[in-house]
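To start, the structure itself, in structure tokens.
The values are calculated or read from the model by the stated rules, or taken from the named source; none is laboratory data. Source: prediction; values computed, not measured. Cβ sites come from the backbone with ideal geometry, for glycine too, and all protein chains shown count toward neighbours. Just so you know, the surface numbers come from the protein's heavy atoms only, side chains and all, with ligands and any DNA or RNA stripped out. Shrake-Rupley method; radii C 1.70, N 1.55, O 1.52, S 1.80 Å.
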Amino acid sequence: MSQQVGQVDTLFLHEVGENFLVVVQRDGNRVFRAILELKETSAGPRPAKFRIKRGSGEEPRDPQQFVELARRAARIRISQQTSKHARTRLMEMLDGYQLDALTVRTCRYCASNGRYSPITEETAIKADRDYVCPDCARTELERELSYSGSITGAAKDRLEDLLLETQDLDKVTNLLQGGLNPELTKFDEVSATVEDVDPVTTDSLDLHPTLQSRVEERFDTLLPVQSLSVENGLFEPKDQLVVSATATGKTLVGELAGIDRVLKGKGKLLFLVPLVALANQKHEDFEDRYGDVVDVTIRVGASRVSDSNASFDPEADVIVGTYEGIDHALRTRKDLGDVGTVVIDEVHTLKEAERGHRLDGMISRLKHYCERRARGGNDGYEGAQWIYLSATVGNPEWLAAQLKATLIEFEERPVPIERHVTFADGQEKVRLCNRLVKREFDRKSSKGYRGQTIVFTNSRRRCHELARKINYDAAPYHAGLDYGRRKRVERQFGNQDLACVVTTAALAAGVDFPASQVIFDSLAMGIEWLTVQEFEQMLGRAGRPDYHDRGRVYLLVEPDCTYHGSMEMTEDEVAFKLLKGEMEDVSTVYDEAAAAEETLANVIVAGKRAKRLNDRMLGDIDTTRSVGRLLEWEFIDGFEATPLGDAVCRHFLAPGDAFFLLDCIRKGLDPYGIVAEMELRDEY
């Protein structure tokens with residue numbers, strides 16, 4: 001055997017029952033394993049039996065061969081996990097042959113499997129009552145993951161990183177059972193940042209006297225983003241793209257410019273938002289603040305009735321509306337009067353696949369409307385100032401250039417935000433929501449406010465389910481609730497009578513709830529995963545500088561979960577994509593149907609000037625091709641809309657939807673039958 005083995009790098013000894021496992025290594029590889037049995041002699045402990053392990057069997061060898069191996073070994077190591085008594089016997093035996101050995105800390109799992117793996121303070125990972133090497137810890141983690149569903153790459157990488165950071169396998173596997181130890185769940189912290197901007201004093205503003213006095217009553221100085229806007233031509237008036245985080249005060253930029261121009265007789269204010277719920281809130285805000293000096297009205301979608309029960313007055317000084325509400329007015333050739341200021345809130349909606357092209361087209365059509373009125377010389381009307389607002393834009397310089405607007409970019413984060421991740425299935429998420437809501441509501445900030453939570457989920461039904469199951473006072477909040485109920489929830493939350501609201505996308509778009517904590521029950525909205533921009537906007541709701549010291553965000557992630565068959569990624573993959581992701585660029589890409597829809601609307605609004613409107617849009621449109629398709633489909637006759645084309649445009653129908661409805665009508669289906677067919681079509 002000595003001729004076969006030759007020089008030995010390491011001879012490792014580990015206690016196994018009453019005997020010792022011997023591991024022989026050369027060049028870092030195991031040569032063989034053996035079992036050593038000691039006996040007591042008058043000279044002290046000596047080798048009694050030595051058996052080489054071969055597969056499942058053992059081959060007896062002369063005990064003296066162990067001594068030969070030990071003398072050939074460059075180093076002899078004894079496992080620290082060996083009992084004190086057994087270590088003493090080994091040391092006495094080796095000393096009898098004038099051999100030295102060191103006691104080292106080793107991986108118990110490796111030792112039990114006949115491998116020598118020394119570990120140090122830096123590499124040892126606690127597993128139950130033992131310490132193991134990183135490789136064995138990863139193997140055990142893999143075993144735990146196999147019980148918890150198929151956790152994919154990014155989530156698995158994160159858990160392995162945590163394993164090495166914490167050096168505690170039990171703590172990490174606890175996350176798979178919905179653990180909430182903040183030291184483990186914490187992914188990172190987005191630090192509070194402060195930009196050095198000299199504040200503009202409100203008494204230095206040259207506003208209409210009525211507005212000036214009200215602004216001075218509310219503020220002594222403007223917030224930094226507002227000051228930057230004023231210093232860069234807000235009242236000159238220059239078009240501006242204002243990009244700044246949630247709760248930094250960018251909405252007031254549009255409000256000051258628009259109300260000032262209204263009061264100075266320079267045209268009405270259009271304040272446009274993506275959602276009816278948000279339009280209702282903004283309408284109420286303007287009514288409360290300025291209703292005694294200006295007329296305020298609301299305009300939402302073509303067939304929608306505003307929850308505020310206010311009828312649309314096209315002569316009003318301030319029109320708060322949804323994008324589609326104003327676009328419908330343009331498509332149906334309504335007279336909006338002289339528009340002095342247009343505020344487009346949430347302008348990053350331009351990147352959305354379904355709505356982006358419609359917002360892009362509406363902006364182009366509204367600009368055409370304002371320019372046409374200005375050319376008409378109506379009582380000195382000079383056209384409109386355009387102000388675009390967003391908290392989340394990945395390519396602000398490009399977007400500002402495309403919109404021909406001055407970029408006002410302010411990157412201050414008023415309070416730090418902790419971002420946490422833990423794993424749970426659908427039922428476990430309810431328990432975690434309960435614990436997190438309670439823990440936050442029991443906290444008070446240095447400003448004296450209790451912590452309140454917004455829970456984002458992916459459906460209205462889930463909103464109600466979660467709100468019922470949260471033990472603290474909680475309420476659902478979504479666009480399907482009537483106006484009075486939504487206002488009651490907003491009031492209760494503002495008065496700190498609610499610990500939590502559970503919502504879908506409505507709150508993400510800007511409805512004002514001063515929450516300190518945001519929980520993602522789901523990372524989907526409907527049947528689509530959130531984009532980085534949507535995610536950033538939602539988590540930006542956590543922490544308000546006037547209320548809270550910091551914000552907290554929790555992602556409750558279900559491994560291997562999808563909410564619809566069309567989803568290619570799983571929730572654990574999406575979670576780390578969102579946490580590590582860069583903001584998507586804002587741009588508009590048209591397919592043939594979208595290009596044709598916008599060209600049809602532009603023909604109805606501008607006739608032969610439709611190409612000019614197309615060319616001004618962010619998305620590229622081949623006008624010749626689109627006009628050809630509209631003629632082929634009989635949506636237009638020359639540069640006039642046919643009755644069919646007019647109906648398609650008025651109802652915001654994509655060409656495919658229009659043809660499907662026509663087929664249903666020709667088949668003689670009643671309205672209920674048509675709706676059923678459309679539902680089935682959408683499903684399949």
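Descriptive notes on the structure:
- Looking only at segment 606-648, residues that are part of a loop (DSSP other than H, G, I, E, B) and either touching a Lys or Arg at 6+ places or on another chain (Cβ under 7 Å) or aliphatic (A, V, I, L, M) (or both) come to 4 in all.
- Of the criteria (1) without any contact (Cβ under 8 Å) to a residue 12 or more places away in the chain; (2) under 13 Å from the mean Cα position of the chain (by Cα), which one residue 520 fails: (1)
- All of (1) under 38 Å from the mean Cα position of the chain (by Cα); (2) over 16 Å from residue 357 (Cα atoms) hold for residue 632 with one exception: (1).
- Some residue of segment 19-26 being open to solvent by 20 Å² or more (accessible area, probe 1.4 Å), assigned to a strand (DSSP E or B) and either touching a His at 6+ places or on another chain (Cβ under 9 Å) or in contact (Cβ under 8 Å) with a residue 24 or more places away in the chain (or both): yes
- Checked against the criterion of being under 30 Å from the mean Cα position of the chain (by Cα) and among the aliphatic types (A, V, I, L, M), the candidates 194, 215, 230 yield just one match: 194.
- Taken over segment 194-244, residues that are polar (S, T, N, Q) and buried (at least 16 other Cβ atoms within 10 Å of the Cβ) amount to 7.
- Looking only at residues of segment 72-100 that are among the basic types (Lys, Arg) and in contact with a strand residue (DSSP E or B) (Cβ under 9 Å, 6 or more places away or on another chain), we find that the one that is surrounded by the fewest Cβ atoms within 10 Å (Cβ to Cβ) is 75.
- Members of segment 604-623 found to be farther than 19 Å from residue 330 by Cβ and either open to solvent by less than 100 Å² (accessible area, probe 1.4 Å) or more than 40 Å from the chain's Cα centre (by Cα) (or both), listed by number: 622
- Taken over segment 220-263, the criterion of being under 22 Å from residue 192 (Cβ atoms), free of Cβ contacts under 8 Å to residues at least 60 places away in the same chain and assigned to a loop (DSSP other than H, G, I, E, B) is satisfied by 222, 223, 249.
- Taking the criterion of being more than 44 Å from the chain's Cα centre (by Cα), under 20 Å from residue 84 (Cβ atoms), open to solvent by 30 Å² or more (accessible area, probe 1.4 Å) and at pLDDT below 85, the only residue of segment 102-120 that qualifies is 112.
- 3 or more residues closer than 21 Å to residue 30 by Cβ and of a type outside the set (S, T, N, Q): qualifying strands (runs of 3 or more DSSP E) within segment 52-112: 57-61, 73-79
- Subset of segment 308-337 that is over 23 Å from residue 647 (Cα atoms) and open to solvent by 40 Å² or more (accessible area, probe 1.4 Å) - its residue that is modelled with the lowest pLDDT: 309
- Which listed residue, of 272, 278, is modelled with pLDDT under 95 and either open to solvent by less than 10 Å² (accessible area, probe 1.4 Å) or in a helix (DSSP H, G or I) (or both): 278
- On the stretch given as segment 133-143, residues that are over 10 Å from residue 167 (Cβ atoms) and open to solvent by less than 60 Å² (accessible area, probe 1.4 Å) total 4.
- When residue 633 is tested against (1) touching a Pro at 6+ places or on another chain (Cβ under 7 Å); (2) open to solvent by 60 Å² or more (accessible area, probe 1.4 Å), only condition (2) is not met.
- Listed by first and then second residue, the pairs with beta-carbon distance under 8 Å, at least 6 apart or on different chains, first residue in segment 97-115 and under 19 Å from residue 66 (Cβ atoms), second modelled with pLDDT of 80 or more and aromatic (Phe, Trp, Tyr), are 111/12.
- For segment 186-196, the criterion of being in contact with a His (Cβ under 8 Å, 6 or more places away or on another chain) and at pLDDT 80 or above is met by at least one residue.
- Filtered residues of segment 27-40 (kept if of a type in the set (Gly, Ala, Ser) and open to solvent by 20 Å² or more (accessible area, probe 1.4 Å)): 28
- Members of segment 330-378 found to be in a strand (DSSP E or B) and either in contact with a Cys (Cβ under 8 Å, 6 or more places away or on another chain) or among the β-branched types (Val, Ile, Thr) (or both), listed by number: 339, 341, 342, 343, 344
- Number of positions in segment 163-204 that are in contact with a helix residue (DSSP H, G or I) (Cβ under 8 Å, 6 or more places away or on another chain), without any contact (Cβ under 8 Å) to a residue 60 or more places away in the chain and among the hydroxyl-bearing types (Ser, Thr, Tyr): 3
- Among (1) more than 20 Å from residue 109 (Cβ to Cβ); (2) surrounded by 20 or more Cβ atoms within 10 Å (Cβ to Cβ) - the single one residue 59 does not satisfy: (2)
- Residue 67 vs. criteria aliphatic (A, V, I, L, M) and touching a Ser or Thr at 6+ places or on another chain (Cβ under 9 Å): no
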